[in-house]
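Shown next, in structure tokens, is the structure this report addresses.
The values are calculated or read from the model by the stated rules, or taken from the named source; none is laboratory data. Predicted, not measured: the structure shown is a model, and the values here were computed from it. Cβ coordinates were reconstructed from backbone atoms using ideal geometry, including for glycine residues, and neighbour counts include every protein chain displayed. Note: areas computed on protein heavy atoms with side chains; ligands, DNA, RNA excluded. Shrake-Rupley method; radii C 1.70, N 1.55, O 1.52, S 1.80 Å.
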Amino acid sequence: MIFQSNRHKQIFEAERLNLRKPGKKALAVLYLLTADKALWQKTKPFLTDNGKVDLKGVHLGAISTDGYALWKAAKEIQTGEKQISLYELADNGVVSDNAFRLIVKAVTIARYGTAILNNTEVRYA
């Protein structure tokens, strides 16, 4: 399953339609942010119409460990600045299996686009 739940898929698809020409990275960030209810509630007001997040405006406050891992991954995808290490990703005490799967899927979206969401074959150049 590409989405964490039907709720995740519904929110992602609805928000995706509201974006103006989002790039692959913007869709990957949206995928991560919409996967966690608390994270989405805190970041949604800071999402621009092109899919970028005003990172300085977001104040997470109390959020789950998984939500924080998704946030760090989203920031890294958007900015290209290191936020989460391979060591942290490999440590299931820091990043749960579920968060790890979501991050890997988001990285795949950032690289190949939404073809993976439609189970479309991705051809390598």
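A few comments on the model shown:
- Average accessible area per residue (Å²) across the chain - probe 1.4 Å, nucleic acids and ligands excluded: 60
- Dipole moment magnitude, nearest 20 debye, the range 1-88 about Cα centre, only Lys, Arg, Asp, Glu C-beta charged: 240
- Each of Ser96, Gly113, Ile84 was scored by the projection of its Cα onto the charge dipole of the range 80-119, and the greatest displacement toward the positive side belongs to Gly113; charges sit on the C-beta of Lys, Arg, Asp and Glu.
- Shape of the range 45-93, Cα gyration tensor, a/c cut at 1.5: oblate
- Positive-end ranking of Thr48, Thr65, Ala28 along the dipole of the chain, with charges on Cβ about the Cα centre, is headed by Thr48.
- Accessible surface of the range 1-98, 1.4 Å probe, proportion on carbon and sulfur as whole %: 51
- The chain - percent relative contact order, Cα under 8 Å, separation 6 or more: 29
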